[in-house]
Amino acid sequence: MTGNAGKLSGKVAVVTGASKGIGAGIAGVFARQGAKVVLAARGTGVLDYAQALRDAGYEATGVQCDVSDYQSCVALAAKAVETYGRIDVLDCNAGICVLGDFLTSDDSWRDAHIDVNIKGAWNACKAVIPEIIKVGGGSVVITSSVTGDMVADPGEAAYAMTKAALVGLTKALAREFADRNVRVNCICPGYIRTPLVEGMAKQSDPDDPERAIGAIASAVPLGRLGTPEECGELCAFLASDEASYLTGTQVVIDGGSTLPETTSMGQ
Ligand SMILES: NC(=O)c1ccc[n+]([C@@H]2O[C@H](COP(=O)([O-])OP(=O)(O)OC[C@H]3O[C@@H](n4cnc5c(N)ncnc54)[C@H](O)[C@@H]3O)[C@@H](O)[C@H]2O)c1
């Protein structure tokens, strides 16, 4: 039941945005791979999910934390150290995505994305990396997106800007902390089926959200959306010693959705 023989055995991992979606997938895989996991998110749902992991035999602690608030991240790091004695891995996954019209949307729309997506990762890294350095090094994984490097639809200015920024943050931190044995990498998911994507599907096709999901799936070369667990497996690899020579990289996990050149097939 417990993942003592897993690739994260003996490690303590903090995962932000872990109450649902990709973060819940990451935390679940980390636990199965033997990590003691500290799950962070704003609401009480993260406490319930941590309890469910404990009920399944894993070591997990839930912490209510708003990553846009630096002191909240400091408290998260302190709770992790108080509970498990150390931190080896930080997975900065918390994020928001709200589509908007660039010219007419209030700038609070822009600022909300900056606060959670950019400052959230910044704050978590600033609060937790000193703890990782104390134990001789470890790994940071940041959830960016294929959106940012590329853009699919109008309305993504705030989101794309922040996700592109996370690639820069990844590379800068990888350079800055290489001499202290802290590796920093990011994942760039395409469409992963989560409450966030289900909400967007509902927005684009209120009568039949499954039709919108189906339309997305049919445009992906692998023919489906990804799962949070598939993201979790990638993060577990990047967080583990198996990835000991990887730092400053961005790994795309998108079922091939950013792969195709313009095609004339089907015309
Ligand atoms: N779902 C996708 O297709 C997709 C694709 C690319 C990137 N991403 C990124 O993956 C991450 C997770 O996305 P998801 O689809 O699972 O979203 P989701 O909305 O299903 O879950 C988001 C998680 O982040 C948490 N969160 C939000 N604001 C927070 C804050 N201020 N402090 C702490 N926690 C906060 C939520 O509580 C939740 O646990 C995001 O960074 C998102 O940008 C998602």
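Here are the numbers for this structure:
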item	result
Complete set of residues in region 144-166 that are touching a Gly at 6+ places or on another chain (Cβ under 7 Å), in a helix (DSSP H, G or I) and either away from the ligand (no atom under 11 Å from the Cβ) or among the basic types (Lys, Arg) (or both)	Ala158, Lys163, Ala164
Enumeration of residues in region 203-228 that are of a type outside the set (A, V, I, L, M), more than 21 Å from Val140 (Cβ to Cβ) and crowded, with 16+ Cβ neighbours inside 10 Å	Pro209, Gly226
Top-ranked residue of region 185-201 - restricted to ones that are out of contact with any Leu (no Cβ under 8 Å at 6 or more places or on another chain) and part of a strand (DSSP E or B), ranked as surrounded by the fewest Cβ atoms within 10 Å (Cβ to Cβ)	Cys188
Residues being within 8 Å of the ligand (Cβ to nearest atom) and of a type in the set (A, V, I, L, M) - total across region 90-118	3
Filtered residue count, region 43-78, keeping only those that are surrounded by 18 or more Cβ atoms within 10 Å (Cβ to Cβ) and either among the basic types (Lys, Arg) or in contact (Cβ under 8 Å) with a residue 60 or more places away in the chain (or both)	2
Subset of region 40-89 [β-branched (Val, Ile, Thr), within 16 Å of the ligand (Cβ to nearest atom) and within 23 Å of Leu238 (Cβ to Cβ)]	Val46, Thr61, Val63, Val67
Residue satisfying condition, being modelled with pLDDT of 95 or more, crowded, with 16+ Cβ neighbours inside 10 Å and among the β-branched types (Val, Ile, Thr), within set Thr104, Thr143	Thr143
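The values are calculated or read from the model by the stated rules, or taken from the named source; none is laboratory data. All of these numbers come straight from a predicted model, not from anything done at the bench. All Cβ positions, glycine included, derive from the backbone under ideal geometry; neighbour counts span all protein chains shown.
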